[in-house]
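First up is the structure itself, then whatever we jot down about it.
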Amino acid sequence: MSTEPPMPSETSHLILTLDTAGPACQAVVSDGPGVISAQSVAMLRGHGEALVPMIEQVLTDASITYDDLDRIGVTVGPGSFTGMRVGLAAARGYSATLNIPVVGIGTLEAMARSDQRESGINAVRCVAIDARNGLVYGQRFSADGVALEPANVMADLVFAASVTNGARLVGPATSIIAALARSAGKRITLGDTAQVPSAAALAELAAIGDVTEKPKPLYLKPADAIAAKPAGLRIGLDTSAV
């Protein structure tokens with residue numbers, strides 16, 4: 001069986017999706033929602049230095065160039081303040097230079113979609129990321145993937161109280177929320193606890209995202225939103241128009 005990645009079709013809608021909002025640097029090239037090439041490297045810092053070489057590698061692996069791209073996708077958080085800035089700066093730079101739209105992707109939505117794709121289970125999903133000090137970034141999604149409320153930061157006890165019987169818990173804070181929900185007598189199931197969303201979920205959300213809405217970083221903890229330059233980021237294109 002061939003291990004070569006699928007080649008873009010003659011009617012390609014080629015998308016480059018970036019994810020630097022969490023503890024990994026990820027780049028995905030897809031033809032619509034179908035992944036052609038992808039790379040993911042776990043890291044807590046250094047996204048700025050790693051991102052562009054990774055982008056160039058996935059483009060090479062997909063046998064395309066920057067000029068072939070039709071759209072950029074980027075995760076907007078919640079997550080690392082510096083990481084979000086790195087990804088958004090790159091996405092905006094490519095968008096302006098290549099004159100193509102950019103789509104924002106919520107990290108929690110991408111985690112919910114990852115679990116939905118992997119498990120094939122239809123269920124309400126409660127997605128949570130540990131925000132430290134007894135807080136979580138949390139959001140609930142219906143069985144068909146529609147957000148039931150905006151992403152928010154709240155006490156883990158508060159988010160656990162919002163979990164309904166039969167819900168599926170997803171995200172890296174699953175163990176925290178599961179313990180609290182079960183102690184309250186709630187019946188729940190455990191889903192994907194990965195720290196970052198899958199390449200397939202990122203590609204799918206980038207393909208169906210709204211290109212008319214300008215992506216903005218999802219800062220849910222104002223005290224953490226301290227202006228900083230994403231060190232090491234070199235997009236490799238003229239971004240003077242950004």
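The values are calculated or read from the model by the stated rules, or taken from the named source; none is laboratory data. Because the structure is a prediction, the values reported are computed rather than measured. Cβ placement follows ideal geometry from the backbone for every residue including glycine, while neighbour counts extend to all protein chains displayed. Ligands, DNA and RNA are excluded from the accessible area calculation, which covers all protein heavy atoms including side chains. Shrake-Rupley method; radii C 1.70, N 1.55, O 1.52, S 1.80 Å.
Taking 0.36 nm per intervening residue step and subtracting the Cα-Cα distance, what contour gain separates LYS216 from ALA155 on full extension? Mind dumping the intermediate values first?
Working: separation 61, 0.36 × 61 = 21.96 nm, distance 2.41 nm.
Contour length minus the Cα-Cα distance gives 19.5 nm.
Would you mind calculating the relative contact order of the chain from Cα pairs under 8 angstrom and at least 6 residues apart, reporting the percent as a whole number? Please list the in-between numbers first.
Working: 535 pairs, mean separation 57.8, N = 242.
Normalised by residue count, the contact order of the chain is 24 percent.
For an R0 of 41 angstrom, estimate the FRET efficiency from the Cβ-Cβ distance between ILE121 and HIS13 and round to the nearest 0.05.
Working: r = 29 Å, r/R0 = 0.70.
Taking R0 as 41 Å, the efficiency between ILE121 and HIS13 is 0.90.
Sort largest first and round to whole Å: the equivalent ellipsoid semi-axes of the stretch 8-58, each the square root of five times a Cα gyration tensor eigenvalue. Write out the running numbers ahead of the final one.
Details: eigenvalues 108, 19, 11 Å².
The answer is 23, 10, 7 Å, longest axis first.
Go ahead and set up a Gaussian network model of the chain, Cα springs under 10 Å, then flag whichever of PRO217, PRO150, PRO197 fluctuates most.
It is PRO150.
Leaving out ligands, DNA and RNA, and with a 1.4 Å probe, what % of the accessible surface on the stretch 50-100 is carbon or sulfur?
On the way: 720 of 1690 Å².
Answer for the stretch 50-100 is 42 percent, counting heavy atoms of protein chains only.
So, for the chain, what is the accessible surface per residue at a probe of 1.4 Å, expressed in square angstrom?
Per residue, the chain has an accessible area of 47 Å².
Hey, rough spin-label estimate for ARG132 and SER63, points 7 angstrom out along Cα→Cβ, what's it come to in nanometres?
4.6 nm
Which is farthest toward the positive dipole end of the chain among VAL163, SER119, TYR66, measuring Cα position about the Cα centre, with Cβ charges +1 (Lys, Arg) and -1 (Asp, Glu)?
VAL163
If I model a spin label at ILE208 and ALA147 as a point 7 Å from the Cα along the Cα→Cβ vector, what separation in nanometres do I get?
1.5 nm
For the chain, which DSSP H helices look membrane-span-like by this rule: Cα extent along the axis of 24 Å or more and mean Kyte-Doolittle of at least 0.5?
On the way: long enough: 81-98 (26 Å, 0.56).
Helix filter hits for the chain: 81-98.
What whole-number volume per residue, in cubic angstrom, does the convex hull of the C-alpha atoms of the stretch 55-188 give?
Values: hull volume 16.7 nm³, N = 134.
Given the Cα convex hull of the stretch 55-188, per-residue volume reads 125 Å³.
Let me know the Rg and Dmax you get for the chain when you use only its Cα atoms, in Å.
17.9, 57
Determine which residues of the stretch 56-77 fall in the zone a paramagnetic label at GLN195 would reach in this model, i.e. backbone nitrogen under 19 Å from the point 7 Å along Cα→Cβ.
Under 19 Å, as judged by backbone N against the label point of GLN195, lie 75-77 of the stretch 56-77.
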